[in-house]
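Every read-out reported here was derived from the displayed coordinates using simple, explicitly stated rules and does not represent laboratory data. A quick note: this is a predicted structure, and the numbers were derived from the prediction, not measured. Quick reminder, even Gly has a Cβ in these numbers, built from the backbone with ideal geometry, and neighbours come from all protein chains shown.
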Amino acid sequence: MANYKFEYIWLDGYMPEPNLRSKTKVINMDSFTGEVDKLPMWNFDGSSTRQAEGHSSDCVLKPVSVYPDTARVNGWLVVCEVLNPDGTPHKSNTRAKVNDDPDFWFGFEQEYVIMANDKPVGFPVDGYPGPQGPYYCAVGTGKVAGRDMVEEHLDACLEAGLGITGINAEVMLGQWEYQCFGKGALKACDDLIASRYLLHRISESYGVEIDLHPKPVKGDWNGSGMHCNFSNRAMREVGGESMFKDICEAFRPVHDEHIAVYGANNEQRLTGLHETQSIDQFSYGVSDRGASIRIPVTTAETWMGYLEDRRPASNADPYLVASRIIKTVANAFETVKA
């Protein structure tokens, strides 16, 4: 028998931008190798997370995904859904709204800024660094900042088995990105939630903050997004120019519905500048990073592959983003059939 430490992780009820919450459950077991069905439900005080009233404050945590936590002896990360006491999904439980079609693959490009003393790391105490240009995918003192923490986060995610496929320094000094891929919406979204948790936890030991605000520094500086790459089996294996353009056109009439779930304060980022389309306009184009949806040049070469929705903000809820994209793509195929 051994004591296993399970970190139950969930999204709270703060709106419009939920926070990550977690607490540790110690269970004495003969062995554990990641079987989610061996983990019990647990409860928490929802009145402290804006998910319940004080007179009836119990909310229930349902384990849904489990990952090794190599920072702890016998440690595991447990992504959870929040349920009401009667077992129904809590209103804050966006994961329960996802139609997890296994044909859909998602890749999230999670941008973030490492902050210290209310400024991105690498910024001078007074004023600003030189203008953007030298920092993207850069190397060298003065061109990047925070690499030690970024590398530690990458290693922690890979050791946990998360679908991280790459990292890079971003356009603004102190801004970074990692890519998180999963086959199936829930796999991709759960991995992203676990990766965000690790990012925030690791930042504690460096005395810095992780800022997911879509426009962390006002002025002539890039904002932070969570570009979402997506495809289904037909896009990957059948394809065709007309199919891809029909899918893109299906996004046009529901642009506002997408923007509504693509993150808080996104109007500060989607201005039509800094590689964005204006929040009140919709467009798509081949290799166009100023469009709402970019058709990658590799997709356009054969008209098979994936699309990139560039509108989601860095603080967006991945479950809401994936759910909305699946619905729109499904509607596109239904319209073509009709």
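In the stretch 49-138, what trypsin sites (Lys or Arg not before Pro) fall in a loop by DSSP, with at most 12 other Cβ atoms inside 10 Å? Each step should come with its number before you reach the end.
Numbers: sites: R50, R72, K91, R95, K97; in loops: R50, R72, K91.
Passing sites in the stretch 49-138 are K91.
For a test of the definition: using alpha carbon positions, the gyration tensor, and the 1.5 limit on a/c, classify the stretch 245-292 as rounded, prolate or oblate.
Details: a/c = 2.49, a/b = 1.17, b/c = 2.13.
Cα axes put the stretch 245-292 in the oblate bin.
Take W42, W76 and order them by how many other Cβ atoms sit within 10 Å, fewest up front.
Final ranking by Cβ density, sparse to dense: W42, W76.
For the stretch 2-93, I need the span (max minus min coordinate) of the C-alpha atoms along each principal axis, in Å, sorted largest to smallest.
Extents along the principal axes, in whole Å: 38, 26, 18.
Considering the dipole of the chain built from charges on the beta carbon (Lys and Arg +1, Asp and Glu -1) around the Cα centre, which of P63, P120, A2 is farthest to its positive end?
P63
What does the helix-only formula give at 222 nm for the chain: each DSSP H stretch with n ≥ 4 adding -39500 (n - 2.57), the total divided by the residues, and the result rounded to the nearest 500 deg cm²/dmol?
Values: 7 runs with 83 residues, N = 338.
It lands at -7500 deg cm²/dmol.
Could you line up L273, L186, L77 from fewest to most neighbouring Cβ atoms inside 10 Å?
On the way: L273 13, L186 21, L77 29.
The fewest-first ordering by Cβ neighbours comes to L273, L186, L77.
I need the phi-derived Karplus couplings for the stretch 60-69: 6.51 cos²θ - 1.76 cosθ + 1.60, θ = phi - 60°, integer Hz, Gly and Pro marked x.
Karplus-based 3J(HN,Hα) across the stretch 60-69 equals 10, 9, 10, x, 10, 9, 10, 9, x, 10 Hz.
So if we plug the beta-carbon distance of D148 and T271 into 1/(1 + (r/R0)^6) with R0 = 30 Å, what FRET efficiency do we get, rounded to 0.05? Mind showing how you got there, number by number?
Values: r = 33 Å, r/R0 = 1.09.
Step by step, r from the Cβ atoms, then E = 0.35.
What FRET efficiency comes out for T141 versus N74 if R0 is 45 angstrom and r is the Cβ-Cβ distance? Round to the nearest 0.05. Walk me through the numbers before you get to the answer.
Numbers: r = 39 Å, r/R0 = 0.88.
Rounded to the nearest 0.05, the efficiency is 0.70.
How large is the charge dipole for the stretch 79-174, taken about the Cα centre, if only the Cβ atoms of Lys, Arg (+1) and Asp, Glu (-1) carry charge, to the nearest 20 debye?
Numbers: 6 positive and 15 negative charges, 63 e Å.
Here the stretch 79-174 has a charge dipole of around 300 debye.
Which percent of Cα pairs goes in each bin when the distances of the stretch 198-338 are cut into 5 angstrom slices starting at zero?
2, 10, 19, 21, 18, 13, 9, 5, 3, 1, 0, 0
Determine which residues of the stretch 238-278 fall in the zone a paramagnetic label at E17 would reach in this model, i.e. backbone nitrogen under 14 Å from the point 7 Å along Cα→Cβ.
262-270
Return the Rg/Rh ratio of the chain with Cα-based radii and a Kirkwood Rh.
Values: Rg = 20.5 Å, Rh = 21.0 Å.
With Rh from the inverse mean 1/r over Cα pairs, Rg/Rh is 0.97.
List F32, F230, F282 from most exposed to least, where exposure is judged by having the fewest other Cβ atoms within 10 Å.
Values: F32 15, F230 24, F282 21.
The most exposed by this proxy come first: F32, F282, F230.
Would you work out the charge dipole size for the chain about its Cα centre, treating the Cβ of every Lys and Arg as +1 and the Cβ of every Asp and Glu as -1, and quote it to the nearest 20 debye?
Details: 32 positive and 47 negative charges, 34 e Å.
It comes to approximately 160 debye.
Considering only C-alpha atoms, what is the centroid distance from the stretch 273-304 to the stretch 17-85, in Å?
39 Å
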